[in-house]
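K.L.:
A single structure is presented below for examination.
The values are calculated or read from the model by the stated rules, or taken from the named source; none is laboratory data. Remember, it's a predicted structure, so these values are computed and weren't measured experimentally. Quick reminder, even Gly has a Cβ in these numbers, built from the backbone with ideal geometry, and neighbours come from all protein chains shown. To get the accessible areas, we keep the full protein, side chains included, count just its heavy atoms, and leave off ligands, DNA and RNA. Shrake-Rupley method; radii C 1.70, N 1.55, O 1.52, S 1.80 Å.
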Amino acid sequence: MICSQSHESWNDLPGGFHPASTPDYLPLPQLRDLQLRRLQATVRRAYDHVELFRTRMRERGITADDVRGLEDVARLPFMDKLDLRDTYPFGLFASPMSEIVRLHASSGTTGKPIVVAYTSEDLHVWASVMVRTFAACGLHRGDIVQNAYGYGLFTGGLGAHYGAEALGATVIPISGGNSARQIMVMKDFGVTAICSTPSYFLHLIEQAESMGMPLRDLPLRAGIFGAEPWTEAMRQRIEDAAGIKAYDIYGLSEIIGPGVASACCAQHGLHIFEDHFLPEIVDPVTGQVRPDGTAGELVLTTLSKRAMPIIRYRTHDITSIVTEPCPCGRTIRRIHRIGHRTDDMLIIRGVNVFPSQIEEALLAVEGTLPHYQIILTREKGLDQMEVQVEVTSEVFSDKIRSLENLQNALSHSIERTLNIRARVRLVEPQTIERSAGKAKRVIDKRELS
Ligand code: DLL
């Protein structure tokens, strides 16, 4: 089965573009053949032009000619964020500066930013994978797209912008922030789709309510959400509250930006645009390749990037490759929703905890809003975790007794999920700081205590 026309309205896509004619639906032998040819060209390009890569290949006693099959990717050295930092700013470029037409940068959590570069061919590929992303999410010519990803050095804004334009949609380059204006524009311009982080969209849901214009009453029908982890429970809350379909899209600056993988009408996993990005799943500790279906760290190799080819990049994102074919008919493989990163893991009194597990435990209980923050402290040498959760104003003004019941239900839900006790504090709506971009879920004060 191919996604229904009503979902992916292919007749309304720009001239000559039809998803069925993109590599999304290539027969597998053809796709693997294309990947191999591109992998060989990428390795050769990196070997010839990037010193760090050439040195590492030589240390392993291999050359670009040793890539004879796709499985040979496992013989190549890994790259990670440190390599981008150590070669800051331009040390990994494989094209002369005269061919580089765009730079982006990502600050990450610590230290110097990392810089990424694009030739005009790279920008063309980026727009094309974003067109395929939007088409998979059911967008088409005639859609009015409010792009609330941040414009600037962050790849979200311009990445989504050029993709939506190339799709033939009408783009509103509003960027993040100024929530009252976002709602006004959404209503006045008849916006049908929005691009933002899921956490910023939650904030827009509330803002719309407070302005007496609930999003359910507006023409908005789709949200293209990504750039941070979010759970399936959060997706359902968003869909119910705003009366839209919420699609998960994934990407990272080092590889291209948004446009690495996207949900489709089946909303079960994200299709990787495998003709441009080769995925592997490895054991996060040993680096050994794991078979499809097994969870591990996603490693990505770019297959067509010219300015900055990236080989076997350790993303730190944990997922697995879906083994069943997708009902939408795409042949490119899917990854499961990315719930967390290896470096998100909190160790609390010796127990490993991921913020997404806390989100799941909280959203399993009725009466809470999906705004929460995890605060870690150390008291007398012992780690303490406090989870602050916003509750609806009705609940908050309710009797003390029902607040206590809710608090207990949340503590139990956390204990059931994680096997660890947390202090739960219910807070009034709007207490937890909102971000126009990626949400800050964890405040770790343990080093200070
Ligand atoms: O966040 C690119 C992007 C923009 C993706 C807009 C989607 C939409 P970075 O700032 O380099 O790039 O952050 C990349 O964000 O390694 C993941 O840990 C996380 N991430 C991105 N998308 C998702 C997602 C952009 N859908 C890092 N689910 C990645 C979970 C995500 N995590």
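K.L.:
At 1.4 Å probe size, with every protein chain present, just tell me what the per residue accessible area of region 329-447 comes to in Å². Kindly include the intermediate steps, with their values, before the conclusion.
P.N.:
On the way: 6290 Å² over 119 residues.
Per residue, region 329-447 has 53 Å² of solvent-accessible surface.
K.L.:
Under 1.5 on a/c is rounded, so check that first for the chain, then, if it is not, pick prolate when a/b is larger than b/c and oblate when it is not; a ≥ b ≥ c are the square roots of the alpha carbon gyration tensor eigenvalues.
P.N.:
Working: a/c = 1.84, a/b = 1.31, b/c = 1.40.
The shape class here is oblate.
K.L.:
For region 102-156 and region 368-440, what is the separation of their C-alpha centers, rounded to whole Å?
P.N.:
Spelled out, the Cα-based centre of one part sits 34 Å from the other.
K.L.:
Continuing with the same structure: Which listed residue (Leu403, Tyr118, Ala233) has the Cα farthest towards the positive end of the charge dipole for the chain, taking +1 on Lys and Arg C-beta and -1 on Asp and Glu C-beta about the Cα centre?
P.N.:
My answer, from the dipole projection, is Tyr118.
K.L.:
Decide, for region 209-271, between rounded, prolate and oblate: order the square roots of the alpha carbon gyration tensor eigenvalues as a ≥ b ≥ c, take rounded if a/c falls under 1.5, and otherwise choose prolate if a/b is larger than b/c, else oblate. The partial results should precede the final answer.
P.N.:
Numbers: a/c = 2.37, a/b = 1.93, b/c = 1.23.
Since a/c reaches 1.5 and a/b is larger than b/c, the shape of region 209-271 is classed as prolate.
K.L.:
What is the percent carbon and sulfur in the accessible area of region 345-444, measuring with a 1.4 Å probe over the protein chains and ignoring ligands?
P.N.:
Numbers: 2600 of 5390 Å².
It is 48 percent, rounded to a whole number.
K.L.:
Then there is this: Distance between the C-alpha centers of region 292-367 and region 167-187? Whole Å please.
P.N.:
About 29 Å separates the Cα centre of region 292-367 from the one of region 167-187.
K.L.:
What number comes out for accessible area per residue over region 77-205 if the probe is 1.4 Å? Units Å², please. Could the numbers behind the result be given before it?
P.N.:
Details: 4600 Å² over 129 residues.
For region 77-205, the solvent-accessible area averages 36 Å² per residue.
K.L.:
Moving on. Going toward the positive end of the dipole of the chain, with +1 on Lys and Arg Cβ and -1 on Asp and Glu Cβ, which of Gly142, Ser179, Met79 do you reach last?
P.N.:
Met79
K.L.:
Sticking with this structure for a sec: Roughly how far apart, in whole Å, are the Cα centres of region 224-279 and region 23-66?
P.N.:
After rounding, the separation between the Cα centres reads 27 Å.
K.L.:
Sticking with this structure for a sec: Any idea what the dipole of the chain comes to, in debye rounded to 20, about its Cα centre with Lys/Arg Cβ at +1 and Asp/Glu Cβ at -1? Show your work: numbers first, answer last.
P.N.:
Values: 49 positive and 54 negative charges, 128 e Å.
Roughly 620 debye for the chain.
K.L.:
Ok, one more. If you put +1 on each Lys and Arg Cβ and -1 on each Asp and Glu Cβ, how big is the dipole of region 345-444 around its Cα centre, in Debye rounded to 20? Mind showing how you got there, number by number?
P.N.:
Details: 13 positive and 14 negative charges, 64 e Å.
Here the size comes out at about 300 debye.
K.L.:
Here's a follow-up. Probe radius 1.4 Å, ligands and nucleic acids ignored: give me the carbon and sulfur share of the accessible area of region 16-128 as a rounded percent.
P.N.:
That share works out to 53 percent.
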